[in-house]
Structures are given as structure tokens and as C-alpha cells.
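Down below is the structure, laid out as C-alpha cells.
The values are calculated or read from the model by the stated rules, or taken from the named source; none is laboratory data. What you are looking at is a predicted structure, and each value in this text was computed from that prediction instead of being measured. In this analysis, Cβ positions are derived from the backbone assuming ideal geometry, glycine residues included, and neighbour counts consider all displayed protein chains.
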């Protein structure tokens, strides 16, 4: 099989804020129809024409949505099993494109089914309810660039001033003059822009490089602070979503 991957990205006026999709199909009509529709929903699409490349991508990249054209052959249906076993894509929103005359026998059910022949109205009617799921999955992995001071405390004693590079629901990255050992438990103290509440979160260093950068996973975050962080990240995402897409999302929430 050929190893063919192309990236169908959204025009500059409509950045891929909502998330990224993997479209697995070798049908030119299907590719044009779906990439065009995804652009309207601010979803960037990587197009892959064979199952071997698709399986590799599912194991190595994060996608908020994965669309598989079962017209690629009998093995296409098994891609959904691989998706659910993938550490990065286990929660991705999945779509199966099926021949309406033959159907399909799924061991792992996709979230949505798109019967051929596809039409703009059909695709839109399925993408609209899927949008909320896609955005929620995107938010879990979304890393927001932000520059604020961070104080990392070790054993309640050593206090190391750092500068935040980005933050997500699960952790943060910082610039630092100190070399950390992976696995080191720390407390991260910081305040996010336009937030009055200071965060004080237990974390664990997961990586540190020779360029003065380190990353930490949150390990002890209270439900109150978790809700505050989720709300702040959601607002950051929504600020970048094009207005037409934001209206669609509000309708399906």
C-alpha cells in the first residue's frame, strides 16, 4: 500500500482552533467533501489514503477526531479497535464512512456513522452534534502558551523561581535555571492572567532538558482549583474560535 499523507489545513482566517482530525480515505470525492466541511467547523484535517499509515499515525499523534472510510477494505473496520487502545487517541471522536447498501459489522462501535453517498447537509447534521465532543477532547490536551512567574517548591523548603511557558489541564512547562530529576515532587505556585485566585498545585517533574526547560504533571489538584483551571482554559479556547463555529457549539451544548 502507498504511504500517502497530506495536510488539509484551514485558511488563515479560520485557524484550526477546535482540533485536528485524521481522515483515512482514498476516495477523492469523500476527501474533498469532508475536508471542506471540517474547515467550516475550524477543524484541520490530515488526509491519509492507506490503513498502514493510518495505524502508525494513530499510535504516534494526537487527533481529536478520526474518520475512516470502510471502502478501503475489510481491515478498515479494525482501525476502531486500534484507536480505543491508543494512549493518545482512546477518547477521540470516531466516524465511519459506510456504503449504505452493505453496512458494516463493528467490534468497536464508532461514535458516528456517515452513509454514502455523502452530502453537505448530511455531513453538517453529524458534525454539529459531534462538535461538543471534539472541543471537550481538545481541551483536555490543549496547551495554552502563557508567560507568568511560577514558584516551584521542593519538600516545602527549596523555592525555585521559574517562568511558565504553557499550561494544560494536566500540567505545565517552565523555563528554569535549575536541573530537575524526573520524578521529583514539587508544589507549583502561580497566578494566571485575569485570575485573582492563586494556584498551589502538587506536581511531579516528568522531563527536564539542557536548554533550561522542564515539564511537570499535576498530581495533587483540588476540585475547586481544577474547575478554575478548566474554566480559564475553556475561555482561552473560546476566544480563538471563529464566531460562526462558536454559535454552532453553543447550539449543541
Requested in this report: Quickly run through the range 188-203 and pick out the residues that are assigned to a strand (DSSP E or B) and buried (at least 17 other Cβ atoms within 10 Å of the Cβ).
Outcome: 188, 190, 199, 201, 203
Query raised in the report: Looking only at residues in the range 62-88 that are over 19 Å from residue 30 (Cα atoms) and touching a residue at least 60 places away in the same chain (Cβ under 8 Å), which one is farthest from the chain's Cα centre (by Cα)?
Result: 62
Report summary line: Inside the range 151-181, the number of residues satisfying the requirement of being in a loop (DSSP other than H, G, I, E, B) and either in contact with a helix residue (DSSP H, G or I) (Cβ under 8 Å, 6 or more places away or on another chain) or exposed (fewer than 12 other Cβ atoms within 10 Å of the Cβ) (or both) is 9
Query raised in the report: Do the conditions hold for residue 25, that is, is it farther than 24 Å from residue 140 by Cα, surrounded by fewer than 18 Cβ atoms within 10 Å (Cβ to Cβ) and either modelled with pLDDT of 90 or more or more than 18 Å from the chain's Cα centre (by Cα) (or both)?
Result: no
Query raised in the report: From the list 126, 154, 160, which residue is assigned by TED's automatic domain parsing to the domain that holds residue 33 and modelled with pLDDT of 90 or more?
Result: 126
Query raised in the report: Does at least one position in the range 48-61 carry a residue that is touching a residue at least 40 places away in the same chain (Cβ under 8 Å), assigned to a strand (DSSP E or B) and assigned by TED's automatic domain parsing to the domain that holds residue 126?
Result: yes
Query raised in the report: In the range 20-31, what residues are in contact with a strand residue (DSSP E or B) (Cβ under 9 Å, 6 or more places away or on another chain) and part of a helix (DSSP H, G or I)?
Result: 30, 31
Report task. Could you tell me which residue of the range 89-118 is surrounded by the fewest Cβ atoms within 10 Å (Cβ to Cβ), considering only residues that are out of contact with any strand residue (DSSP E or B) (no Cβ under 6 Å at 6 or more places or on another chain) and in contact (Cβ under 8 Å) with a residue 40 or more places away in the chain? Result -> 91
